[in-house]
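Asker: Right, I'll just put the structure down here and ask away after.
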DNA sequence: TGAGAGGGAA
DNA sequence: CTAGATCCCTCTCA
């Protein structure tokens, strides 16, 4: 029921405002994220944005317009402006109105609404992919992806029911090899797998699954391989991750080592299950335009392609992906946010977001550790402030991020959490070296050899050292040990993805059930503050609250 | 034959 | 855009 005591207002421009301190807020947030995204989250009043893409994602998991509106009204202070309601209805209901289906040996585009057919005729860019005969819109199978991409770009999502090639069969079964028993999956993992693979449903078989770090995304990939029973190509973003996939497949499925190939710079093998990197595939000889390794997509009859860390998928891979629309495609990520605006390509070519479980829900159920986030704000010293003001905008962020005043806070936090496993994470090597010199804790950067990294990680794991200082290596390293405390001293501009990744380091469940603490150190009234706010956005969207502290450890507010 | 440095790319 | 990490390839040296 609409009521003035509710927390939500839909504005005339279509944005949604919600009172973040309201008792109904966390419930409302979970609902709003079903069809919108968080735009701004200042204290007190949060803004959400609805776009065609956010609505299509919600349609793809089954929301209808009427269901959405009736549920929305139960959180609203006032009725939704009628022109906004009409706009949303139009956008949402486009999903499913244009269907691509099999028709003999070719494909056919069918309209459930004649008006849409008329609208689309006017779009020049799709003409090359259409052959209109006897009132039927025929599409060549090889144009399946490009047509979908062009139509999506024009604002018309295509509901693809043309089905998949099964690929070459490959028996795969989940099993706990160590104990010789079937592998037991967590309930949400089973649900994610079932959502992807629906028997007899041509639309089951492509899409993106979003799950926090430590929630077992690899196992979901393996579970889907078990459902598909076919040869599989797995793409990921670095070699450590390639090796990790291989190890998990050997440990947790019936597949033997010789059925798994890795395809990277130093070692190239194509086997029934092959694991490669995005950089391998996007490699081009300098000065040429060919991608010599794209052929990997045709080396075997893959029935499934898994895109690990799909938020990092580079542009050329989208192009190949457009050509393999008849192959099942699974995207995995902890945070489906891109700062380059290619979300639409992920949606169009890999698939919509089909499964997404809020981080806080997994926390409540005990699958990931409890975590509290802090933003500690401090001043910039007089001398530094002068330097900041006279610096070019390009350098200002760095000056603020490297604020020497952060040192004292780090010292205090290290003392406060003495005895716990602590990661200090930052973006500037110079700053990290200073911290390492001050604390005596070892520093790991991209320069550190794999051997040394491994030995430090082991010492940290065994508790021989309790503080580890890490650069951006922490963003990519899958083998970085986990901790219960993280101190973020600087970060990559506005990267939400990075912040999510860093908190993720603290989320492996703790044996003693302890709470993890994530500290973000920010210099007041500088660009550092601005970027920090942007970085926090993904986690606040997930329901994490940042407790704002001043230098003296006094609580001064909340960001939620 | 393999290790290691260096360049280019995204 | 930044700064940094990573991966690919090629070249050199033993």
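Asker: Give the residue, chosen from A:405, A:463, A:419, that is more than 30 Å from the chain's Cα centre (by Cα), in contact (Cβ under 8 Å) with a residue 40 or more places away in the chain and over 17 Å from residue A:485 (Cβ atoms).
Answerer: After ruling out the rest, the residue left standing is A:405.
Asker: Suppose we filter A:141, A:187 for residues that are touching a residue at least 12 places away in the same chain (Cβ under 8 Å) and either within 16 Å of DNA strand C (Cβ to nearest atom) or surrounded by fewer than 22 Cβ atoms within 10 Å (Cβ to Cβ) (or both); which single one remains?
Answerer: The unique qualifying residue is A:141.
Asker: Give, as residue ranges, the helices (runs of 4 or more DSSP H) completely inside region A:285-403 that count at least 1 residues that are within 16 Å of DNA strand B (Cβ to nearest atom) and out of contact with any strand residue (DSSP E or B) (no Cβ under 9 Å at 6 or more places or on another chain).
Answerer: Hits in region A:285-403: A:315-323.
Asker: Has region A:425-436 got any residue that is more than 23 Å from the chain's Cα centre (by Cα) and either away from DNA strand C (no atom under 16 Å from the Cβ) or in the same structural domain as residue A:205 (by TED's automatic domain parsing) (or both)?
Answerer: Scanning region A:425-436 turns up no residue that is more than 23 Å from the chain's Cα centre (by Cα) and either away from DNA strand C (no atom under 16 Å from the Cβ) or in the same structural domain as residue A:205 (by TED's automatic domain parsing) (or both).
Asker: Still on this structure: Restricting to region A:509-560, what's the tally of residues that are on the phi > 0 side of the Ramachandran plot and either surrounded by 20 or more Cβ atoms within 10 Å (Cβ to Cβ) or touching a helix residue (DSSP H, G or I) at 6+ places or on another chain (Cβ under 8 Å) (or both)?
Answerer: Total satisfying the criteria: 2.
Asker: I need the full set of residues from region A:21-35 which are in contact with a helix residue (DSSP H, G or I) (Cβ under 9 Å, 6 or more places away or on another chain), surrounded by fewer than 20 Cβ atoms within 10 Å (Cβ to Cβ) and free of Cβ contacts under 8 Å to residues at least 60 places away in the same chain, in order please.
Answerer: Selection gives A:22, A:31, A:34.
Asker: Go through region A:404-434 and count every residue that is buried (at least 21 other Cβ atoms within 10 Å of the Cβ), in contact with a helix residue (DSSP H, G or I) (Cβ under 9 Å, 6 or more places away or on another chain) and assigned to a helix (DSSP H, G or I).
Answerer: 3
Asker: Of all residues in region A:227-240, which are surrounded by 21 or more Cβ atoms within 10 Å (Cβ to Cβ) and either within 16 Å of DNA strand C (Cβ to nearest atom) or farther than 18 Å from residue A:293 by Cα (or both)?
Answerer: Within region A:227-240, A:228, A:230, A:231, A:233, A:234, A:235, A:236 qualify.
Asker: Could you please find all residues in region A:279-308 being buried (at least 22 other Cβ atoms within 10 Å of the Cβ) and within 16 Å of DNA strand C (Cβ to nearest atom)?
Answerer: Within region A:279-308, A:307, A:308 qualify.
The values are calculated or read from the model by the stated rules, or taken from the named source; none is laboratory data. Quantities reported herein were computed from a predicted structural model and do not represent experimental measurements. Glycine also receives a Cβ, built like all others from the backbone with ideal geometry; neighbour counts cover every protein chain displayed.
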